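What follows is one structure encoded as structure tokens, with my remarks underneath.
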Amino acid sequence: MDIEDIIQQGETKYVEFKSWIKVNKKELMNILTNEAVSFANTDGGIILVGVEDNGEITGCENYDEQNIIESIYDKTIPKLFTDIDIIKIANKDIIKITIQKSPEIVASSKGVVYKRLGKNTKPLYPSEYTSNSIKGFKGDYSAKIIERTTKDDIDFTEVERLKLKIQSRDKDSTLYQSDNLTF
């Protein structure tokens, strides 16, 4: 599906439009950060800057792609990487910001967490975090205490693989020298 078809379909769970001409640029960077956080915490998506809510293409002028990438990166915890493409439609530049789904909860640097609900961005509260329960958790398992486990639950082949990775990546580390159970 090309970008014009996406715009014709309007905003969705995966697509957000933002005006370049109607807002203060500093405030726009905060808005883009919040939208990026919401996509990262849901299923990923794209932000099209230079497109009005009604789908009108107004375009962008005097923008700095690097500044946009760094602004989102600097204003998110953990740091969020985004991809930016510039797309020309009717002689106007549209900034397409692509955000991947994050394996862990992402917040703005102000500590606010958002999610995507249909075509809107809504707050995500701690009680809603999927990482609060181990079922379906995609974050760092080492940060969770898993009840009712024993050493029989450990895959020592994977422990060996991890130790080899550590050894190859960090020659100064002595962690890989630990016995498998201690490791």
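For region 49-63, indicate whether the set of residues that are at pLDDT below 95, in a loop (DSSP other than H, G, I, E, B) and among the aromatic types (F, W, Y) is non-empty. Checking region 49-63: at least one residue is at pLDDT below 95, in a loop (DSSP other than H, G, I, E, B) and among the aromatic types (F, W, Y).
The rows are residues; the columns are (1) more than 18 Å from T121 (Cα to Cα); (2) surrounded by fewer than 18 Cβ atoms within 10 Å (Cβ to Cβ); (3) touching a Lys or Arg at 6+ places or on another chain (Cβ under 8 Å); (4) hydrophobic (A, V, I, L, M, F, W, C).
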site: K18; (1), (2), (3), (4): no, no, no, no
site: I21; (1), (2), (3), (4): yes, yes, no, yes
site: K26; (1), (2), (3), (4): yes, yes, no, no
site: E56; (1), (2), (3), (4): yes, yes, no, no
site: I77; (1), (2), (3), (4): no, yes, no, yes
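Please go through region 15-28 and give me each residue that is touching a residue at least 60 places away in the same chain (Cβ under 8 Å) and in a loop (DSSP other than H, G, I, E, B), ordered by number. Once the filter is applied, which keeps residues that are touching a residue at least 60 places away in the same chain (Cβ under 8 Å) and in a loop (DSSP other than H, G, I, E, B), region 15-28 yields only W20. Would you point out the residue of region 114-149, among those that are over 25 Å from G45 (Cα atoms) and part of a helix (DSSP H, G or I), that is modelled with the lowest pLDDT? Taking the candidates together, the pick is Y141. A single member of Q167, Q177, Q100 is of a type in the set (S, T, N, Q), surrounded by 10 or more Cβ atoms within 10 Å (Cβ to Cβ) and modelled with pLDDT of 85 or more, and it is Q100. Do we have S19 as under 17 Å from D83 (Cα atoms) and out of contact with any helix residue (DSSP H, G or I) (no Cβ under 6 Å at 6 or more places or on another chain) here? No: the conditions fail for S19. Does S108 fit the bill of being under 26 Å from T12 (Cα atoms), out of contact with any strand residue (DSSP E or B) (no Cβ under 6 Å at 6 or more places or on another chain), surrounded by 12 or more Cβ atoms within 10 Å (Cβ to Cβ) and at pLDDT 90 or above? When the stated conditions are applied, S108 passes them.
From the list I72, I84, the lone residue that is assigned to a strand (DSSP E or B) and either in contact (Cβ under 8 Å) with a residue 24 or more places away in the chain or surrounded by 13 or more Cβ atoms within 10 Å (Cβ to Cβ) (or both) is I84.
The values are calculated or read from the model by the stated rules, or taken from the named source; none is laboratory data. These figures come from a predicted structure and were not determined experimentally. Ideal geometry is used to build each Cβ from the backbone, glycine not excepted, and the neighbour counts take in all protein chains shown.
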